[in-house]
Amino acid sequence: MTKSNETASFFVKQKNYRTCLITSEPNKPIKHTIQTGLKRPLDKGSSGHVLSAFNNLPIKNKETILKDQFSMSFGERDREIASVSVPIIPTKNKILGSLTITGHISNFNKKNCLSFLNILRLSRIKIEKKLKKIS
């Protein structure tokens, strides 16, 4: 994701895991690499939190995630990694997946997290509009 200069990815819930379907990495030496197809736990990381909350699974801060429509994670799955995620909901109350920006925790200060969240929200709007047109 060129606007954030961090790794962007899209996760979906598959059974009791989350799986990365697509990812885009920045052109910089220190970055978070996510393999597509790799299974990750649903109870860790911002994308896992979003997918769990919107699939009505038990997760800490579920009501806040549902209300605010995002989650942030700092060093939860890996002490050096942080992430911000928003849900992609093309049809009412039916989550498709989670759009996420991930990177080194040192790049996730308050100002950058707000910027990443804005980037994700704008991308979410564009994606959902396009999905509504084809459904």
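Note on region 69-118: residues that are in a strand (DSSP E or B), in contact with a Pro (Cβ under 7 Å, 6 or more places away or on another chain) and modelled with pLDDT under 95 total 0.
Of the residues N109, N61, the single one that is open to solvent by 80 Å² or more (accessible area, probe 1.4 Å) and free of Cβ contacts under 8 Å to residues at least 24 places away in the same chain is N61.
Residue-level check: of (1) over 16 Å from G97 (Cβ atoms); (2) open to solvent by 80 Å² or more (accessible area, probe 1.4 Å); (3) more than 14 Å from the chain's Cα centre (by Cα); (4) at pLDDT below 95, K39 misses just (1).
Could you go through region 5-16 and let me know if any residue there is loosely packed, with under 13 Cβ neighbours inside 10 Å, out of contact with any Lys or Arg (no Cβ under 9 Å at 6 or more places or on another chain) and either under 19 Å from R124 (Cα atoms) or aliphatic (A, V, I, L, M) (or both). Checked region 5-16: no residue is loosely packed, with under 13 Cβ neighbours inside 10 Å, out of contact with any Lys or Arg (no Cβ under 9 Å at 6 or more places or on another chain) and either under 19 Å from R124 (Cα atoms) or aliphatic (A, V, I, L, M) (or both). Among residues belonging to region 4-36 that are among the basic types (K, R) and farther than 19 Å from I95 by Cβ, point out the one that is farthest from the chain's Cα centre (by Cα). Restricting to residues being among the basic types (K, R) and farther than 19 Å from I95 by Cβ, the top hit is K28. Condition check for T33 on (1) open to solvent by less than 10 Å² (accessible area, probe 1.4 Å); (2) in a loop (DSSP other than H, G, I, E, B); (3) not aliphatic (A, V, I, L, M): one failure, at (1).
Filtering S46, S24, S85, S73 for residues that are hydroxyl-bearing (S, T, Y), closer than 16 Å to S123 by Cα and buried (at least 21 other Cβ atoms within 10 Å of the Cβ) leaves a single hit, S85.
The values are calculated or read from the model by the stated rules, or taken from the named source; none is laboratory data. Treat the numbers as computed from the prediction; the structure is a model and nothing was measured. Cβ: placed from backbone, ideal geometry, glycine included. Neighbour counts: every protein chain shown. Protein only, heavy atoms only, side chains kept; ligands, DNA and RNA dropped before computing areas. Shrake-Rupley method; radii C 1.70, N 1.55, O 1.52, S 1.80 Å.
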